[in-house]
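Peer 1: Could you have a look at this structure, given as structure tokens, before my questions?
None of the figures in this text is laboratory data; all of them are computed from the coordinates on show. Everything numeric here is computed off the predicted structure, so don't read it as measured data. Note that we place each Cβ from the backbone using ideal geometry, even for glycine, and neighbour counts take in every protein chain shown.
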Amino acid sequence: MCILCEKTKEISEYKTLISKSIIRDQEILRNTEILSQEKMPILQELCYSSVKWPVKLYYPMFEARNAFAVPNNYFQSLFINGGKMGVYFSHGSTRSVFFSGERLILLSKTINHHEGMDYFTSFTLAHFNKNEYVYGYEDGIFYIRAKIKKTFFNLINKKIENKEISFNFLHYSLKNRILSKDQALTSTHMKNIYDNYSSITAKLSSSDLAGYVISVPHFSPHPYLLQVHEQLGYGSNRELQEFGVNRYFESHLSGLNLSRNE
């Protein structure tokens, strides 16, 4: 039994956040349709779902983020037919995985703004049966990966299409990898990664939503989960990050033992 799954079903605040997000996504999709017909036809090739949508996803979600998660390089990579979906941060964007029964679910969306309208630069809601993804733990790194052709409904042109979807999401051991913002700013590792970015301080402060920075690729609780961490039984955002993430994936993936690194 997954304790986080059971608790999120009962937390009204979390369910309200999810419900409002779905309503907003429907509005953004309508904007995306308008822009795809008038100014940006490329948008007709970027929004897909393999399940009926909209759907209420009252599940704990975990975002696949890059090291330090600066806005221009926030999410780990996702590919559709070989094309890389956006990795930048914006309000409402996510690249989350979670489980519905034995299915792995991916919810990924990136959002931009044009003339007073928010629109999707990508939207992917995909389900994976047990034989459609692999997971494991090697050299201190937990991974979930998939590369498979699936049938999708194009949310813009309303056609059924076959697309290859691929990702390799990584979660490194977080031991000695969770830093304060000040520690991250003096990190040689961060400077080596982002030495081509100007104003690292501003970029870091805008991505430091949880009160800490993680110096390796990782799964992070969705911001909505962080808002209800106490109701989930965790004393702080950091405690949910350090312990809740491992326990969640262990509850759903047979034979996985990540807690040895806690």
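Peer 1: Tell me, what is a quarter of the convex hull surface for the C-alpha atoms of region 3-252, in nm² with one decimal?
Peer 2: With every direction weighted equally, the projected area is 13.7 nm².
Peer 1: Next question. Using modelled backbone amide H atoms (1.01 Å from N, in-plane), which distant-in-sequence or interchain residues come within less than 5 Å of THR121's amide H?
Peer 2: THR110, ILE111, ASN112
Peer 1: A further question on this structure: Taking 7 Å along the Cα-to-C-beta vector as the label spot, tell me the ARG30-ASN257 distance in nanometres, rounded to one decimal.
Peer 2: 5.3 nm
Peer 1: For every other residue with a beta carbon closer than 15 angstrom to the beta carbon of ILE22, add +1 if it is Lys or Arg and -1 if Asp or Glu, then tell me the sum.
Peer 2: +4
Peer 1: When the dipole is taken about the Cα centre of the chain, and only Lys, Arg (+1) and Asp, Glu (-1) are charged at their Cβ, what size is it in debye, to the nearest 20?
Peer 2: 460 debye
Peer 1: Between ASN112, ASN66, ASN162, where does the largest GNM mean-square fluctuation fall for the chain, given springs only between Cα atoms within less than 10 Å?
Peer 2: ASN162
Peer 1: Test of understanding: what is the full-extension gain from LYS52 to LYS147, defined as 0.36 nm times their sequence separation minus their Cα-Cα distance?
Peer 2: Full-extension gain reported as 32.0 nm.
Peer 1: Give the calculated FRET efficiency between PHE243 and ASN162 to the nearest 0.05, with a Förster radius of 45 Å applied to their Cβ-Cβ distance.
Peer 2: FRET efficiency, PHE243 to ASN162: 0.65.
Peer 1: I would also like to ask the following. In whole Hz, what ³J(HN,Hα) sequence does region 56-61 give by Karplus (6.51, -1.76, 1.60; θ = phi - 60°), x for Gly and Pro?
Peer 2: For region 56-61, the Karplus curve yields 7, 9, 8, 10, x, 10 Hz.
Peer 1: May I ask which residue of SER36, THR8, ILE148 lies farthest towards the positive end of the charge dipole of region 3-252, with charges of +1 (Lys, Arg) and -1 (Asp, Glu) on Cβ and the Cα centre as origin?
Peer 2: Value computed over the given set: ILE148.
Peer 1: In terms of Cα to Cα distance under 18 Å, which lysines are near enough to LYS181, apart from those fewer than 8 places away along the same chain?
Peer 2: LYS181 reaches LYS191, LYS203.
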